[in-house]
Amino acid sequence: MHCSHNITSSAALVWIYSLTLIGGIVGIIFMSFILNRQKDKLSITNISIINLVVVHGTFLLSVPFRIHYFATETWTITFELCKLVSIIIHTHLYLSFFFYLAILVVRFLPVIGRKPMGFNRPLIAFLASATVWLFFFLSIFPPLWIHYGKNQKNNEFEGKCFKFESDIKDYVITVNIIMAVVIIATSCAALVILLLVLMKIARSNHGNLFSNQEFRAQINNIRFIAIMFICFLPYHIFRIYYVLHVHSDKTLANKNEVYLAITSLCCWDLLTFGLHTQETQKMVGKWYCSPTEVK
């Protein structure tokens, strides 16, 4: 029964990461083309999306290792690379969440009468992005690198990877629960704020709301919140239960891997965002409106 469960989990993981790899690569190529046409517009939204391209691109480099491992159930590379691949997915998760949140905050500001700042100078934009990356790198990478595998010897990992359940001690449980609660609460708060913003616009505008540009712009924010709820919340809700019961129920480790893999599906965001940009709509409009030649 346990073996059958492992096979089912491995098959699901291979499918999820394969979808992530395909959608992520297509999204990065498509969004890079869109951003290249908007390179003179350095808003916080564009800066966040550029950072998402880099975040997803870096993470996607590690995905083939995950696909190969879960397809063969054998890790033939170094233990250090196993740790690195494991850390990258967590860094990707929290960096992506941060940039989604940054985009939402910027889009909420005009409704409350605040003008979001722009980055007219590339140097300022670069420094702002570098600060965010440095903060996340120093706060996530070193602790996880030191902590993962601390209580085991390398020969215990021979042929296996992503098996760090024995490293989950009391203080690790506390940190995981706090982070999960913060992600869940922040996502719910973003949804509540969006609903309040939509209600405010609805009260001040009568008639067809979808003809109102501001209302349509805020409706588009549902995509960001949907990603938070679909990709991130299931993992963090399950994570609370997982860290509390992992030592008494060994089957939870495979379930945790599946929920963690679901977070990687956020790599499809660039494709969905790109399809809704003004640049794409203009190109589609020109394609439909262009006269066809009769030969």
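A few remarks follow.
- Counting every other Cβ atom within 10 Å of each residue's Cβ, His206, His247 order from fewest to most as His206, His247.
- Full extension of the chain between Leu61 and Ala217 yields a length gain of 52.8 nm, computed as 0.36 nm times the residue separation minus the alpha carbon distance.
- Cα-based shape type of region 46-111, given that a ≥ b ≥ c are square roots of the gyration tensor eigenvalues and the cut on a/c is 1.5: prolate
- Spacing of the two label points (7 Å from each Cα toward its C-beta) at Leu195 and Ile240, in nm: 1.8
- For region 28-34, Karplus couplings with θ = phi - 60° (6.51, -1.76, 1.60), whole Hz, Gly/Pro x: 5, 4, 5, 5, 4, 5, 5
- Modelled label positions at Arg37 and Ala71, each set 7 Å beyond Cα in the direction of Cβ, lie 3.5 nm from each other.
- Remark: region 188-204, residue by residue, has Karplus-estimated 3J(HN,Hα) of 5, 5, 4, 5, 4, 4, 4, 5, 5, 5, 5, 5, 5, 5, 5, 5, 8 Hz, where x stands for each Gly or Pro and the curve is 6.51 cos²θ - 1.76 cosθ + 1.60 at θ = phi - 60°.
- In order through region 53-59: 3J(HN,Hα) via Karplus (6.51 cos²θ - 1.76 cosθ + 1.60), integer Hz, x for Gly, Pro: 4, 5, 4, 5, x, 5, 5
- Amide hydrogen proximity for Ser43: with H placed 1.01 Å from N in the peptide plane, the residues at 5 or more positions away or on another chain lying under 5 Å are Phe119.
None of the figures in this text is laboratory data; all of them are computed from the coordinates on show. Given the structure is predicted, the values throughout are model-derived calculations rather than measurements. Please note: Cβ atoms are built from the backbone with ideal geometry, for glycine as well, and neighbour counts cover all protein chains shown.
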